[in-house]
Structure formats: C-alpha cells, structure tokens
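Throughout, read-outs are computed from the coordinates displayed, never taken from laboratory work. Bear in mind the structure is a predicted one, so any value in this text is a computation, not a measurement. Using ideal geometry, Cβ is built from the backbone for each residue, glycine included, and neighbour counts are taken over all protein chains shown.
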Amino acid sequence: MTPPGTDPAPPLTRLPDGTIKQVNPFTGTKVWTLPGRGARPLGLDRPAPQPLDPSERDRHCAFCVGRMVETTPEIARVVRDGPSWQEVRGLLADQLDDSVPQFRLFTNLFEILSYDYWHLTHGYEPTPESRAHRTAYLSTPAGREHVAALARIRMRAGGTSGADAGPLTEGDLEREAVALFAGNHQVVAARRHYADGATNDSQHAFSGTLTPEEHWQYTRFTIAAVRDLYRDNPYARYVSVFQNWMRSAGASFDHLHKQLVAIDEPGAELEREVERVRSQPDFFARWGREYADAQGLVIARTPTAVAFAGVGHRYPSVEVHTSATSRRPWELDDDEVRDFSDLLHACHAATGSDVPTNEEWHHCPPPLDLPVPLRAVVKWRVSTLGGFEGATRIYVTTMDPWTVRERTVTRLRGLADRGVVSGRITVD
Ligand SMILES: [Zn+2]
C-alpha cells in the first residue's frame with residue numbers, strides 16, 4: 001500500500017541490517033532508525049532535584065496563579081465547584097482572586113502575529129466583547145496599573161520610545177491595550193506548577209498528572225477557544241494549537257500550558273492533506289487507524305478514538321486520532337471529546353513528566369468541508385537534530401515506532417492498574 005501523492009516508498013521498510021526507513025503517510029517526512037541506536041536510553045539530562053520553598057507556592061513563574069497580573073488580562077477561566085465546572089469570562093483586575101482558576105485563557109504578551117499585523121494587513125477589528133472588556137478593565141485603578149505595566153514591557157521590547165514615561169501617555173496606553181485585549185495568539189494555562197504534594201522541583205504538574213476529568217476540561221476549554229478565534233477573526237484561515245512541555249521543548253516556563261495561534265494561511269501541511277483527502281476521502285482512517293492496526297502499532301483505544309505510535313516523525317511520536325472525520329473539533333459531542341482527551345492524557349501519563357514533548361493538534365478549519373479528523377501528535381524531544389538532518393532532510397531517530405509503542409503500552413498498563421488513567425480506555 002502506498003499513499004497517493006507521496007514518495008513511492010511504503011511508510012515502513014525494514015532493511016536486512018535492521019535499519020528501518022519511515023515515510024510519514026501524511027507529510028512525506030523521511031526518518032531512519034538505525035540499528036544499535038535504538039537501544040540507547042532516552043538520554044535525558046536530569047539535574048539533582050531541589051527542595052521546594054513552601055513560601056513560593058503558586059509563585060514559581062509568570063503562569064502561576066499567585067502572579068496573575070504578570071499575564072495579560074484574562075479572557076476566560078474555568079472554575080470548579082465540586083462536580084460542576086464553569087467558564088467565567090471578562091473578569092476585572094480586582095476580581096482575579098475571587099475564584100481559583102483551574103485553567104486560564106489569556107493573550108500571549110508577545111504574539112507570533114501581532115494585532116498590528118491583523119489590523120493593518122486585513123483590517124481586523126476587535127470584537128464588541130473585547131472592546132467592552134477593555135473599557136471595563138481600564139475603568140479601575142488596578143486594571144489601569146496592570147495594563148500600563150504590560151504596555152511598558154511591550155514597548156521596551158519593541159524599542160518604542162515613551163516606555164519609561166512617568167505615567168504612560170493616554171495614546172500609548174490605548175494602543176497597547178487594544179493589542180492586549182484583541183490578540184490572536186492565546187495561552188491556556190493550567191493551575192498547578194508542581195503536582196499536588198510535590199516536595200521537590202522535579203515533580204512538575206504536567207498533562208499526565210491532571211486527572212482524566214481535569215484533562216477533559218482542559219481539552220474542552222482549548223477547543224472552545226479555537227472556535228472563538230475562528231468566529232472572532234474572519235481572516236483566520238487556520239488556528240494552530242500546540243503544547244510545548246519543558247523549556248528544552250521550546251516552552252517559556254515549565255508550567256503546563258497550550259498555545260493557540262491564528263494564522264492567515266492554511267499552512268503547508270494542511271494544503272498537502274487537502275489534496276490527498278480530495279482524491280481519497282478515507283485517507284485518514286486508512287493511513288491512521290487501519291495502517292497502525294496492520295503494523296501492530298496501536299497503543300490504546302476509546303470508543304471513538306485511537307492512539308498509536310506515529311510513523312515518519314522527526315522525533316519518536318504518539319498520535320491520537322478521533323474517528324469523527326466529518327466534524328470540526330467544536331462540533332464533537334462530549335463523549336467524543338472525552339474519548340480523544342482520555343487517550344491524549346493517558347499517552348502523556350505514560351510518556352512521563354521528565355520527557356520534553358511537543359503536542360501538536362491538527363484539524364479541519366471552517367471554510368473547508370473535508371473528512372479531516374481532530375488529531376494530536378505528541379513528539380518526544382529526546383534527540384537533537386544536527387547537520388546530517390539539515391543537509392539531507394532525512395531525520396535519524398533513536399527509537400522505531402514499535403519501541404515507542406512497547407514503552408508506552410508497558411507503562412500504560414501499570415497506570416491503568418493504579419486507576420490513574422480513564423477507565424474508558426482499552427490498552428491494546
Ligand atoms: Zn508556574
């Protein structure tokens with residue numbers, strides 16, 4: 001079987017000396033796993049754990065809930081009251097400590113595509129909700145102080161004069177405030193920096209230490225924010241969702257968060273997929289679930305989603321695909337989101353908090369009507385790309401997909417026995 005429009009080589013080829021050549025069925029990325037290298041440990045550099053200072057609790061980084069005025073004004077938060085979860089929107093600076101946010105949504109202080117980019121290139125304007133929030137926020141002294149402090153940081157970083165003026169000029173404050181409230185690059189941050197009961201700084205709270213229910217809320221909240229970015233910005237052609245875990249995987253802080261970035265192009269990967277899906281509507285099922293099944297790469301399943309070791313990624317990877325290919329992420333029902341979230345959570349838990357990872361989501365954006373499912377790829381950042389990769393565009397990994405599967409399944413069975421992953425999951 002060969003996917004249409006890609007290299008004629010099959011996704012997986014085992015050579016006589018044990019070399020495994022991989023070609024990603026979706027992207028065409030070429031990866032080689034060389035014999036002898038796969039036996040190496042993950043190669044992680046673990047510094048000696050240091051005890052935590054209890055007085056620093058919830059104040060370890062700018063995403064911590066004890067330092068909420070270091071992030072931009074909050075767009076929304078998820079709060080928990082026993083079994084019920086609620087979304088609260090548009091709080092003012094004085095209200096930030098009135099409830100405990102389990103997850104917070106706010107604009108990235110330094111956006112990849114700035115407000116000016118959207119406004120000047122496309123004529124994008126803030127929504128009435130964003131304007132109303134800005135006006136209300138700036139109407140209190142605490143809100144003004146918060147926004148002015150962030151405005152100064154942005155102006156200094158951008159080399160704009162006037163950043164150190166006594167009080168900021170009204171014009172400077174207004175200009176920066178517009179961008180702070182109408183950013184198209186957003187962050188969803190989780191509450192904990194360290195796991196509950198952590199005593200040293202190696203015990204980070206990551207996706208795998210959330211409960212399955214918390215992870216479900218994290219996923220739902222993220223999906224709703226993606227929907228809103230498309231709704232509020234008619235020029236957004238795609239919303240990229242990703243989670244960099246640990247600084248060595250590109251994160252600013254070792255504090256669990258996802259980023260959502262609206263862009264005005266669909267991106268090269270989606271353009272390739274569109275071509276293939278048009279000629280082969282069952283493309284994702286065939287080269288995702290069915291191929292993984294045939295090759296013995298499936299890790300676990302829920303009723304409407306499957307997790308398997310990915311083929312042809314620059315780093316050893318696990319993929320989670322929903323089977324609902326006809327609907328966008330925000331059109332999935334609660335059970336389908338839960339099925340997707342539970343598997344993603346379980347894969348992170350099995351990967352472990354000490355492995356730096358990139359979680360990348362893929363989905364079908366609104367203008368397209370194609371059978372492209374919501375799926376996530378979790379990449380283990382355990383190797384460093386070098387000159388060979390740059391020169392050849394062939395990536396060498398230390399672990400073949402079967403080894404990734406075996407490591408994940410083994411750890412997942414232990415986690416399932418301890419009841420820390422969802423009971424909806426069947427481990428293969
Ligand atoms: Zn933190």
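Bridging of Lys258 to lysines at a Cα separation below 27 Å is possible for Lys379, once same-chain residues fewer than 8 apart are set aside. Show that you can apply the helix-only estimate: for the chain, add -39,500 (n - 2.57) for every DSSP H stretch of four or more residues, divide by all residues, and state [θ] at 222 nm to the nearest 500. The helix contribution divided over the chain gives -9500 deg cm²/dmol.
May I ask you to derive the FRET efficiency for Gln95 and Ser326 from their Cβ-Cβ distance with R0 = 56 Å, giving the value to the nearest 0.05?
Efficiency computed from Cβ-Cβ geometry: 0.85.
Near Arg80: Cβ cut-off under 10 Å, other residues only, Lys/Arg at +1 and Asp/Glu at -1. The net charge is -2. Inter-label distance, Ala132 to Glu406: 5.9 nm, where each label sits 7 Å from its Cα along the C-beta direction. Taking Cβ atoms as reference points and 12 Å as the exclusive limit, the residues near Thr304 contribute a net charge of -1, counting Lys and Arg as +1 and Asp and Glu as -1.
An oblate overall shape is assigned to the stretch 86-178, the ratio a/c of its alpha-carbon gyration tensor axes (a ≥ b ≥ c) being 1.5 or greater and a/b not exceeding b/c.
Hey, how much of the P(r) for the chain falls beyond 26 Å, as a percent of Cα pairs? Roughly 58 percent, rounded to a whole number.
Arg278: net charge of surrounding residues, Cβ under 14 Å, Lys/Arg +1, Asp/Glu -1, itself excluded?
Charge balance in the 14 Å sphere: -3.
The mean sequence distance of close C-alpha pairs (under 8 Å, at least 6 residues apart), as a share of the length of the chain, puts its relative contact order at 18 percent. I want to verify a result. In a Gaussian network model of the chain, Cα cutoff 10 Å, which of these has the top mean-square fluctuation: Arg338, Arg14, Arg407? In this elastic network of the chain, the residue with the biggest mean-square fluctuation among Arg338, Arg14, Arg407 is Arg14.
Measuring r between the beta carbons of Glu170 and Thr426 and using R0 = 60 Å, the FRET efficiency lands at 0.50.
Look at His257, His122 and count the other Cβ atoms within 10 Å of each Cβ; fewest to most, that gives His122, His257. Under a cut-off of 15 Å between alpha-carbon atoms, report the aspartates and glutamates in cross-link reach of Lys30, not counting same-chain residues fewer than 8 places apart. Within reach: Asp7, Glu269, Glu389, Asp400. Picking from Asn24, Asn244, Asn200, which is most flexible by a Gaussian network model of the chain using Cα springs under 10 Å? The residue with the greatest mean-square fluctuation here is Asn200. Our summary of shape: the Cα atoms of the stretch 302-413 have principal axis extents of 43, 36, 21 Å, ordered from largest down, in whole angstrom. Largest mean-square fluctuation among Trp402, Trp85, Trp118, in a Gaussian network model of the chain whose springs join Cα atoms under 10 Å apart, belongs to Trp85.
Spin-label model, Ala9/Ser252: points 7 Å from Cα along the beta carbon direction are separated by 3.9 nm.
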